[in-house]
């Protein structure tokens with residue numbers, strides 16, 4: 001009897017852990033070191049620093065009909081400025097931009113958009129839609145984010161040192 005209850009519990013736990021919306025990422029902490037003349041003159045690039053996987057599949061979930069018509073991925077910075085680990089004043093968040101690279105999806109690009117398509121994408125410290133889509137049954141995508149720091153405006157007046165920001169990611173149905 002105990003074996004049957006344990007097996008039923010495991011089946012329920014595995015079923016309950018599946019979610020209709022899944023976001024997997026790595027590289028949400030952005031480290032920036034201004035340590036050379038080249039960094040001051042040309043900025044810093046972190047190619048493919050963050051890797052993201054989106055999976056949307058509402059099939060088999062008892063969601064109210066017509067409640068959800070799409071999904072959105074939000075990306076924003078934890079802080080209003082780029083923080084210093086060396087006691088320097090924070091730097092303007094507008095110095096850090098990002099752009100998607102290697103985007104691969106199992107649906108055509110008519111099913112998703114980058115609404116703030118200005119490339120590169122500028123960060124803010126409030127939720128901002130990065131990508132959104134209309135397919136809620138079986139959509140999957142993977143891509144990377146490349147960061148550029150000091151490429152749009154020179155870092156010449158910035159003190160030497162270690163800077164950082166933490167990014168937040170949120171994937172939701174709407």
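Here, each number is a calculation from the coordinates, and none is a lab measurement. Source: prediction; values computed, not measured. Cβ sites come from the backbone with ideal geometry, for glycine too, and all protein chains shown count toward neighbours.
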Checklist entry - Are any of the residues in region 92-112 exposed (fewer than 12 other Cβ atoms within 10 Å of the Cβ), in a loop (DSSP other than H, G, I, E, B) and under 18 Å from the mean Cα position of the chain (by Cα)? => result no
Next on the checklist: If a residue must be under 18 Å from the mean Cα position of the chain (by Cα) and more than 30 Å from residue 58 (Cβ to Cβ), how many such residues does region 124-152 contain?
Outcome noted: 5
Checklist entry - Do you know which residues across region 57-71 are outside any loop (DSSP other than H, G, I, E, B) and surrounded by fewer than 18 Cβ atoms within 10 Å (Cβ to Cβ)? => result 57
Next on the checklist: As an exercise: evaluate residue 53 against (1) over 13 Å from the mean Cα position of the chain (by Cα); (2) surrounded by fewer than 17 Cβ atoms within 10 Å (Cβ to Cβ) and give the number of the one condition it does not meet.
Outcome noted: (1)
Checklist entry - Taking region 154-174 on its own, how many of its residues are surrounded by 13 or more Cβ atoms within 10 Å (Cβ to Cβ), in contact with a helix residue (DSSP H, G or I) (Cβ under 8 Å, 6 or more places away or on another chain) and over 17 Å from residue 27 (Cα atoms)? => result 3
Next on the checklist: Which count do you get for residues in region 131-153 that are over 16 Å from residue 109 (Cα atoms), touching a helix residue (DSSP H, G or I) at 6+ places or on another chain (Cβ under 8 Å) and crowded, with 19+ Cβ neighbours inside 10 Å?
Outcome noted: 2
Item to check | Residues within region 153-174 that are assigned to a loop (DSSP other than H, G, I, E, B) and over 20 Å from the mean Cα position of the chain (by Cα), tallied | outcome: 8
Checklist outcome for this item: Given (1) in a helix (DSSP H, G or I); (2) in contact with a strand residue (DSSP E or B) (Cβ under 9 Å, 6 or more places away or on another chain); (3) under 24 Å from residue 53 (Cβ atoms), residue 75 misses just (1)
